[in-house]
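Participant: This is the structure, below, for whatever I ask next.
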């Protein structure tokens, strides 16, 4: 087996971007237990792969994901408690635990269907871009259940309560433009522009100091559940930690390039990383 050879997902690293696709197009990328095991494994490997700078989560064949594969994930495991628990653990691991605490920036690129359980990886990523004509749906209420796993929690955290209540209680589909309007994704674009815009975002992220970018995204996520005093202490320690682990020496490097060299304007661009220097 090669480095990233799987049955239900695919991984293609190009120009620092790890295009990581759910690869069951005949099922609109509905998620099976095997897909969850493979995604959990791939993300674990990619986190330490020096060729992968930014992770893009997507779906093969024009659909992000139709949610869980109801037959394979639910029906076929009803009488096997061990396999049911094992697949649930893997599903929650990569879609939330891994992505939420991932060392590298992650982007969800959404086209086609994004339904039900797929909201977990949508909101587990750091950034999300969608095609304007993508179809989003929290349809669980239409077939008599609550949104699965932590979907209710992550949606309620991501958007205003009235938006969360409206779409979860009515189960109505909405498009990428509406997803951007209510804050489920950062931006929506015409489908033909989506990949180009995703590459542009990834390339801009790769110009940032990796240590500072990692600490910043972790800090933004963590302080949301802290009070002001806890946040102050956490952020002060986080700032000190960056100075210790940052191989770029970003603090001094950025100040020197701004004050002494006058080589960049931080309002509009990042300082030059070591690999980008010409001297």
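Participant: For a protection proxy built on the mean count of beta-carbon atoms within 10 angstrom, sort 169-177, 151-159, 226-234, 53-61 highest first, please.
Facilitator: Numbers: 169-177: 15.8, 151-159: 17.7, 226-234: 11.3, 53-61: 22.4.
Result, highest mean Cβ count within 10 Å first: 53-61, 151-159, 169-177, 226-234.
Participant: So, one more: Tell me, rounded to the nearest percent, the portion of alpha carbon pairs in the chain spaced more than 27 Å apart. Spell out each step's value before the answer.
Facilitator: Values: 16903 of 38781 pairs.
Summing the P(r) tail past 27 Å for the chain gives 44 percent.
Participant: For the stretch 1-46 and the stretch 112-182, what is the centre-to-centre distance using only Cα atoms, to the nearest Å?
Facilitator: Each part's Cα centre sits 22 Å from the other's.
Participant: Additional query: By average Cβ neighbour count within 10 Å, what is the ranking of 32-40, 200-208, 92-100 from highest down? Numbers along the way, then the final one.
Facilitator: Numbers: 32-40: 22.3, 200-208: 16.6, 92-100: 19.9.
The packing order, highest mean first, is 32-40, 92-100, 200-208.
Participant: On to the next question. Figure the gain on full extension for residue 262 and residue 235 (residue separation times 0.36 nm, minus the Cα-Cα span) and round it to one decimal in nm. Could the numbers behind the result be given before it?
Facilitator: Details: separation 27, 0.36 × 27 = 9.72 nm, distance 2.84 nm.
Between residue 262 and residue 235, full extension yields 6.9 nm more.
Participant: Assuming 0.36 nm per residue, please report the length gained on full extension of the stretch residue 133 to residue 14 beyond their Cα-Cα distance. Walk me through the numbers before you get to the answer.
Facilitator: Values: separation 119, 0.36 × 119 = 42.84 nm, distance 2.63 nm.
Additional length available on full extension: 40.2 nm.
Computed from the coordinates by the stated procedures, all read-outs in this text should not be read as laboratory data. All values derive from a computational prediction rather than experimental measurement. Quick reminder, even Gly has a Cβ in these numbers, built from the backbone with ideal geometry, and neighbours come from all protein chains shown.
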